[in-house]
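Structure first, then comments.
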Amino acid sequence: MTSNGKPKVAFFDFACCEGCQLTVVDSLQTHLDLLEAVEIVQFREAISDRGEDYQIAFIEGSCTRQADEERLRKIRAQASVVVALGACAHTACVNALKNLHPLEDVRRWVYGDQAEWYDTYEARPISAVIEVDAIIPGCPIDREEFIRVVKALLLGKKPPLPDYPVCVECKLKENVCMFHIGKFCMGPVTRAGCGAICPTYGDGCEGCRGFIPAPNENAMKDVLADAGLTVEAIMARFTMFNTYLVSARKADGEERR
């Protein structure tokens with residue numbers, strides 16, 4: 001805490017585009033009251049200071065190399081609260097697509113003849129390395145959800161996340177189902193909270209907020225079957241944002257067998 005009782009907040013970035021942090025900057029422009037309630041001591045996108053004394057850490061980006069683990073553990077040891085900021089930190093996001101290919105091939109495709117210069121391994125969410133206290137899903141995050149999460153944390157509460165699918169929000173907005181107009185949508189198995197923004201503007205959900213708890217896979221297969229599709233045929237859609245989660249669920253299923 002600062003001498004005036006304000007909690008100190010820091011933002012960190014790992015493998016990501018930093019779009020979620022830019023969304024934070026955007027949201028704070030219309031919620032100046034939050035800036036009065038906290039002291040930001042580290043935030044590369046907004047300030048040049050790099051204070052190491054903080055209570056709340058927002059981490060954007062996935063863990064993609066061995067060196068990331070030590071840095072993550074250092075942040076966890078300092079912070080009382082760690083928040084996974086956005087899909088890269090939450091699910092490893094599009095970074096995990098490289099997990100679908102042999103690592104040596106990926107290194108060669110990206111770095112060419114300098115492949116051995118760079119440390120890298122399979123992309124993972126930060127929760128695979130450290131304990132995470134709260135999550136703000138999405139690619140990028142929803143600016144209003146960020147504000148709600150921060151307010152909850154300042155009140156000492158665990159920020160709630162919707163445990164129902166995007167389809168619920170679509171129905172509330174009276175959207176036409178994407179499957180009914182010949183498009184694909186991951187809304188039936190994706191966590192709500194975005195206001196069904198993609199379907200509302202005519203695009204099917206791509207699943208950037210991760211799966212809902214205990215997604216009904218059989219119901220999703222029925223929806224796909226009605227549309228003349230199969231999970232196998234559209235697996236690229238499932239793995240765009242959720243390669244790590246799909247792989248983890250598959251491994252868990254194999255262990256149970």
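The values are calculated or read from the model by the stated rules, or taken from the named source; none is laboratory data. On a predicted model such as this, the values are computed, not experimentally measured, just so you know. Don't worry about glycine lacking a Cβ; one is built from the backbone with ideal geometry, like all the others, and counts go over all protein chains shown.
Conditions (1) more than 21 Å from Glu145 (Cβ to Cβ); (2) surrounded by 13 or more Cβ atoms within 10 Å (Cβ to Cβ), marked per residue:
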| residue | (1), (2) |
| --- | --- |
| Ile181 | yes, no |
| Cys208 | no, yes |
| Pro215 | no, yes |
| Arg249 | yes, yes |
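I'd like to verify a number: residues in the range 128-145 that are of a type in the set (A, V, I, L, M, F, W, C) and in a loop (DSSP other than H, G, I, E, B), how many?
4
In the list Ala123, Ala92, Ala96, which residue meets the criterion of being closer than 18 Å to Arg191 by Cα, in contact with a Lys or Arg (Cβ under 8 Å, 6 or more places away or on another chain) and of a type in the set (A, V, I, L, M)?
When all the criteria are applied, what remains is Ala92.
Out of curiosity, is Ile212 assigned by TED's automatic domain parsing to the domain that holds Thr243, farther than 24 Å from Tyr244 by Cα and among the aliphatic types (A, V, I, L, M)?
Against the criterion (assigned by TED's automatic domain parsing to the domain that holds Thr243, farther than 24 Å from Tyr244 by Cα and among the aliphatic types (A, V, I, L, M)), Ile212 does not qualify.
Among the numbered conditions (1) loosely packed, with under 14 Cβ neighbours inside 10 Å; (2) of a type in the set (A, V, I, L, M, F, W, C); (3) modelled with pLDDT under 95, tell me where Leu154 comes up short.
(1)
Kindly indicate whether any position in the range 30-41 is assigned by TED's automatic domain parsing to the domain that holds Pro137 and under 18 Å from the mean Cα position of the chain (by Cα).
no
With (1) in contact (Cβ under 8 Å) with a residue 12 or more places away in the chain; (2) on the phi > 0 side of the Ramachandran plot as the list, and Asn175 as the residue in question, which single condition is left unmet?
(2)
Please specify each residue of the range 57-111 satisfying the condition of being without any contact (Cβ under 8 Å) to a residue 40 or more places away in the chain, over 28 Å from Lys158 (Cβ atoms), among the aliphatic types (A, V, I, L, M) and out of contact with any helix residue (DSSP H, G or I) (no Cβ under 9 Å at 6 or more places or on another chain).
If the condition is that a residue be without any contact (Cβ under 8 Å) to a residue 40 or more places away in the chain, over 28 Å from Lys158 (Cβ atoms), among the aliphatic types (A, V, I, L, M) and out of contact with any helix residue (DSSP H, G or I) (no Cβ under 9 Å at 6 or more places or on another chain), then Leu103 is the only one that fits.
Is it true that some residue in the range 93-104 is in contact with an Asp or Glu (Cβ under 8 Å, 6 or more places away or on another chain) and surrounded by 21 or more Cβ atoms within 10 Å (Cβ to Cβ)?
Yes - at least one qualifying residue is present in the range 93-104.
Return the residues of the range 10-23 that are farther than 17 Å from Arg76 by Cα and under 14 Å from the mean Cα position of the chain (by Cα); say none if nothing qualifies.
Kept after step one, since they are farther than 17 Å from Arg76 by Cα, are these residues of the range 10-23: 15-23.
Ala15, Cys16, Cys17, Glu18, Gly19, Cys20, Gln21, Thr23 - these are the residues of the range 10-23 that are farther than 17 Å from Arg76 by Cα and under 14 Å from the mean Cα position of the chain (by Cα).
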